[in-house]
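Asker: Below: one structure in structure tokens.
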Amino acid sequence: MKRPWNIVDHPVYSLATYSTNSFNMNICTYVTAVSMKPKLYTVSIYKGTKTLSNILNSDIAILQLLSLKQINLVKILGKKSGHTFNKSDYLIKKNLLSTWQNKIVLKETAALLQLNKINSLVSGDHTTFLFEVIKYKVQQTDPILMFQDLVDAQIIL
């Protein structure tokens with residue numbers, strides 16, 4: 001039996017966060033648009049992660065809506081810690097990166113959203129951030145990666 005929060009299928013995102021000389025990317029499914037004008041999103045980030053460390057020290061992040069063909073990135077971006085595994089080296093070696101708005105992003109995402117941090121709230125084992133969308137770009141309309149795709153591929157149980 002599914003849990004109530006897993007009944008609804010959610011898009012899968014990667015949040016790119018930046019520090020002075022590096023970047024990190026994770027997997028996010030706790031993402032919700034919460035306002036039309038201005039366009040606001042909430043993104044919840046797991047405690048103790050490099051992504052959380054980066055965003056606590058920066059106001060800008062790039063929310064990347066993943067395409068279905070990026071499903072294999074979930075094992076790297078979501079199952080490995082940026083504290084112990086150099087995700088940027090892996091992504092560079094595999095030639096999976098591009099730039100947008102002078103920030104490093106993934107190639108072949110469905111969409112990119114430049115976010116500006118407004119506020120945060122510690123929320124159990126996550127910290128929830130409120131962001132304003134500064135700029136966005138739709139790159140393709142191929143099927144996007146959904147939570148159920150991760151279940152079907154047995155990436156998550």
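Asker: Could you tell me which of the residues Glu132, Glu108 is closer than 13 Å to Tyr13 by Cα and acidic (Asp, Glu)?
Answerer: Of Glu132, Glu108, the one residue that is closer than 13 Å to Tyr13 by Cα and acidic (Asp, Glu) is Glu108.
Asker: Also, quick follow-up: If Leu121 passes every condition in (1) of a type in the set (A, V, I, L, M, F, W, C); (2) loosely packed, with under 14 Cβ neighbours inside 10 Å; (3) outside any strand (DSSP E or B) but one, which one does it miss?
Answerer: Tallying (1) of a type in the set (A, V, I, L, M, F, W, C); (2) loosely packed, with under 14 Cβ neighbours inside 10 Å; (3) outside any strand (DSSP E or B), Leu121 fails exactly one: (3).
Asker: Okay, moving on. Which of the residues that make up region 124-142 are closer than 17 Å to Ile27 by Cα, of a type outside the set (A, V, I, L, M, F, W, C) and assigned to a strand (DSSP E or B)?
Answerer: Answer for region 124-142, where residues must be closer than 17 Å to Ile27 by Cα, of a type outside the set (A, V, I, L, M, F, W, C) and assigned to a strand (DSSP E or B): His126, Thr127, Thr128.
Asker: Run down Thr141, Thr109, Thr51, Thr84 and say which single residue is among the polar types (S, T, N, Q) and closer than 24 Å to Trp5 by Cβ.
Answerer: Every option except Thr51 fails the conditions.
Asker: Something else about it: Counting just the residues of region 16-29 that are out of contact with any Phe, Trp or Tyr (no Cβ under 9 Å at 6 or more places or on another chain) and touching a residue at least 40 places away in the same chain (Cβ under 8 Å), which one comes out surrounded by the fewest Cβ atoms within 10 Å (Cβ to Cβ)?
Answerer: Checked region 16-29; the qualifying residue surrounded by the fewest Cβ atoms within 10 Å (Cβ to Cβ) is Ser22.
Every number here is computed from the coordinates shown, using simple stated rules; none is lab data. This is a predicted model, so every value here is computed, not measured. Using ideal geometry, Cβ is built from the backbone for each residue, glycine included, and neighbour counts are taken over all protein chains shown.
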